[in-house]
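Comments concern the structure below.
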Amino acid sequence: MRDILGGKGAGLHEMCRIGLPVPPGFTITTEACIYYFKHNKEWPEGLAEQVSEAMAELERVTGKRFGDPNNPLLVSVRSGARASMPGMMDTVLNLGMNEEIARGLAKLTGNPRLAADSYRRFIAMFGDVVMGLKPKKGEVDPFDAIMEEVKAEHGAKHDTDLDAEALMEVARRSRELVARRLGREIPADPKEQLEMAINAVFGSWMNERAIEYRRIYRIPEDWGTAVNVQAMVFGNMGEDSGTGVFFTRNPATGENEIFGEFLLNAQGEDVVAGIRTPMPISELARLMPAVYEQLLKAREKLERHYRDMQDVEFTIEKGKLYILQTRAGKRTGLAALNIALDMLEEGIIDEETAIVRIEPDQITTLLRPIFDSKAKKEAKEKGLLLATGLPAGPGAASGRVCFFPDEVEERKKEWGKVILVRIETSPEDIKGMELSEGILTSRGGMTSHAALVARQRGKSCVVGCSALEIDYPSRRMRVGERLISEGDHISIDGSTGEVFIGEIETRPSEVMEVLVYKTRSPDDAPLYKRFARIMEIADNFRRLRVRANADRPSEAEIALTLGAEGIGLCRTEHMFFEGERIDYMRKMILAETESERREALAELLPFQREDFKEIFRVMNGKPVTIRTLDPPLHEFLPNTEEDQRELAKKMGVPYEKVRSRVEDLREANPMLGHRGCRLGITHPEITEMQARAIFEAACALKKEGVDVKPEVMIPLVGHINEFRDQESIVRRVAEEVFAREGVRVEYSVGTMIEVPRAAVMADEIAQGAEFFSFGTNDLTQTGLGMSRDDYGKFIPDYIAKGIYRFDPFISLEPGIGELVRIGVERGRKTRPNLKIGICGEHGGDPDSIELCHRIGLDYVSCSPFRVPVARLAAARAAIMEKAKSEE
Ligand code: PEP
Ligand code: MG
């Protein structure tokens, strides 16, 4: 029921059903929240009555009364959307208090300190979350400031050193602060408090952080949040009470062990906020063995029930355990892989589930670099180890220090790589975190905000590095005598928690060592074996084939080792830049007559032929799609006068000639100009040379006994006649080469579909083309009428305003998806067996891959390093489709 109750609500009700100790409560549905926003912030009819009835029931179950100073019921009011959005929305604890009730609670519990502590927390939370009292720019949290003020007056070091009266004073000053700053009092009537808190939780669905989070994780705006109202339990009742978080398995490594941390005598938010650094859960076994036993039982029950690793919040009230929340735990790529395979081996889940449990993007963390162990050892020997914190997000990262999340974007432009260093992070910081190579905090534990975000996003992260004394105003941090300033290089190892001064060389991951660099044998690479196993399972489920975009033999080789089943796009122009090739290319462009042009092309031919031979050899019989020249010619000529003069000298032509050629080639809209098949149409000799290189290479290899499957692809075709023009050149040259070489090679000629006309006229184009490959970079550009080179300037506003939910050049936009669907349908009407793929950047994006699967493409083609992602995404798409059809 998570759509209606939200993740947290569904979890609470479910846990209650299976007999776990959950504090009693009720959930207001996400539908009520959606109604609230659609109807000018009004509650749906009947909600007010239902809330009253549920509160009455809660009073009955707990034997307490809401608003009764002699026996008060206090509640928590928490958000909870369908998808987990940790820390993004609001929560109010201890609701139902006023000064009189606080005094009553003190009497009732015989614990005046607890009552006062709960009351001052309530005032601060209500003042902030519900009434909206936020710190002014540059100001520390004003409620924290009051706490510090009172602590100073009492000579107290920690919050826990303050007695009940001092805490009541904190509450009083906090209340006055709210009244003074906002001109409104915090209501004393618990019913009014509840209504306002429910509205605030609804409202937090639309706060800036939540909107930003939804944008990054592509969560729809219209889901809304549920509101959970629950009887409070108190982790701050003394040393036999506490609060904590645990994962049913290790979220960093996946190891099958309980993993978590807790604080004694504390309330819920203290752990997640990273204010005090908590104790590891194993300490609980020592301090409260009976509770620890209960915790282990709950762990087992939860895993058996949910058949997935859970992230659980708990509170201990006077030695009694309560579970406050459970949800599937966020995990690193490494943990995702290990948990999926372990649970498969343990018989808890099946193969389909194992695949679906790994986010395709997560697998890239297994390919990411780690520190070179020699370089790291040297750094240690040189005394560059600065400090050690908790290893919260594996992987190595080097970069320059930046202390302010909202400056990361700017600094990154200047410095390339940035490590974000904070005392602690908060949900406001998410954008800066996203853009950093790695994150380092001085406070907080393995479940702090920084740690959660880093694990989810595959960032290297070290938290709780308490040796760092960070001073924001001076933009510096200190460890003992050592001073690090903004802009200095540091390196962090998120697998060990080590922080180093300076840059440390990184080394390929185990998987890369085995597969790509071949410097490690698979037998002594346990992680590689697991990677290979999950890939093997994925391959058994997927229908889509996976190819790679590769222009050089070395790229083809990497792609092949990572599982590519062919080359989906070889951009031949990329071969024209290396070494002396660019000179011949430029000579060709500067040529004034066809014969001069042919001369220059003849010099390019051997280079192309050798490149193709190598690629064919590497791919050894797997299909290779080679595209004829595509970019506008000006891209090959130098831009500046200085470079143009140098070129003129080198070519032995007057500078004026070079300059005027550059002028000739200048276009107002080069992306819509003289490029793609238009080049081959105006200069058939270019296509001719490329075709000759392809077929000569193919014949040579065939003679060597190597199997070859060239597919020649014509770019930017919109009209069948464009295709016919180029196809005839390719076929004529093929026949000439076969006749001369005395062998024939099987080949096909197809087209890219990258302008809307080609998609809608696909039936006609398929009369000629033997295969299609959707060039969704250009199809997005031409379909949306949005320049792929310029859209970066305005797309952030589009996304901020919700016009597009995501970057259409990263993930296939539905309108472009529809063009693809039309192209497939019409193309196959003419040629039922038409082979169809995609080779735009979207070919490596999991959501787009799912769409490609549904539309019925034969393959996706992506960059070599994304091949494993695509294999997993393709398997997941097939599994999800099957699950849907069985529903
Ligand atoms: C495309 O347009 O999607 C494509 C693959 O071609 P290019 O990016 O080279 O224009
Ligand atoms: Mg293109």
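Before moving on, here are some points about what is shown:
- Unmet requirement for Gly7, which otherwise passes all of (1) at pLDDT 95 or above; (2) buried (at least 16 other Cβ atoms within 10 Å of the Cβ); (3) assigned to a helix (DSSP H, G or I): (1)
- Restricting the stretch 212-243 to residues that are basic (Lys, Arg) and more than 16 Å from Gly80 (Cα to Cα), the residue that is surrounded by the fewest Cβ atoms within 10 Å (Cβ to Cβ): Arg218
- The one condition in (1) farther than 24 Å from Pro868 by Cβ; (2) in contact with a strand residue (DSSP E or B) (Cβ under 8 Å, 6 or more places away or on another chain); (3) part of a loop (DSSP other than H, G, I, E, B); (4) not charged (D, E, K, R) that Phe612 fails to fulfil: (3)
- Qualifying residue in the stretch 775-787 (condition: within 13 Å of ligand 2 (Cβ to nearest atom) and over 27 Å from the mean Cα position of the chain (by Cα)): yes
- Consider the stretch 504-528 and keep the residues that are of a type in the set (D, E, K, R) and exposed (fewer than 15 other Cβ atoms within 10 Å of the Cβ). The one that is farthest from Lys382 (Cα to Cα) is Asp523.
- Thr364 meets all of the listed conditions (1) farther than 26 Å from Ala875 by Cα; (2) under 19 Å from the mean Cα position of the chain (by Cα) but one, namely (1).
- Residues in the stretch 742-755 that are assigned to a loop (DSSP other than H, G, I, E, B) and in contact with a Pro (Cβ under 9 Å, 6 or more places away or on another chain) were compared, and the one that is nearest to ligand 2 (Cβ to nearest atom) is Glu754.
- Any hit, the stretch 703-721, residues being touching a residue at least 12 places away in the same chain (Cβ under 8 Å), assigned to a loop (DSSP other than H, G, I, E, B) and within 16 Å of ligand 2 (Cβ to nearest atom): yes
- Being touching a Leu at 6+ places or on another chain (Cβ under 6 Å) and more than 16 Å from ligand 1 (Cβ to nearest atom) is a property that holds for Leu665.
- Scan the stretch 473-503 for residues that are surrounded by 14 or more Cβ atoms within 10 Å (Cβ to Cβ) and in a loop (DSSP other than H, G, I, E, B) and the total you get is 8.
- Residue within the stretch 435-458 that is at positive phi, surrounded by fewer than 23 Cβ atoms within 10 Å (Cβ to Cβ) and modelled with pLDDT of 85 or more present: no
- Of residues in the stretch 825-853 being hydrophobic (A, V, I, L, M, F, W, C) and within 16 Å of ligand 1 (Cβ to nearest atom), the one farthest from Pro623 (Cα to Cα): Leu851
- When Glu503, Glu498 are checked against the criterion of being over 19 Å from Ala392 (Cβ atoms) and in contact with a strand residue (DSSP E or B) (Cβ under 9 Å, 6 or more places away or on another chain), Glu503 stands alone in meeting it.
- Set side by side, the residues Ala800, Ala762, Ala758 differ, and just one is more than 15 Å from ligand 2 (Cβ to nearest atom), surrounded by 23 or more Cβ atoms within 10 Å (Cβ to Cβ) and farther than 22 Å from Met689 by Cβ, which is Ala762.
The values are calculated or read from the model by the stated rules, or taken from the named source; none is laboratory data. Nothing here was measured: the structure is a model prediction, and the numbers come from that model. Positions of Cβ are generated from backbone atoms using ideal geometry, with glycine treated the same way; all protein chains shown enter the neighbour counts.
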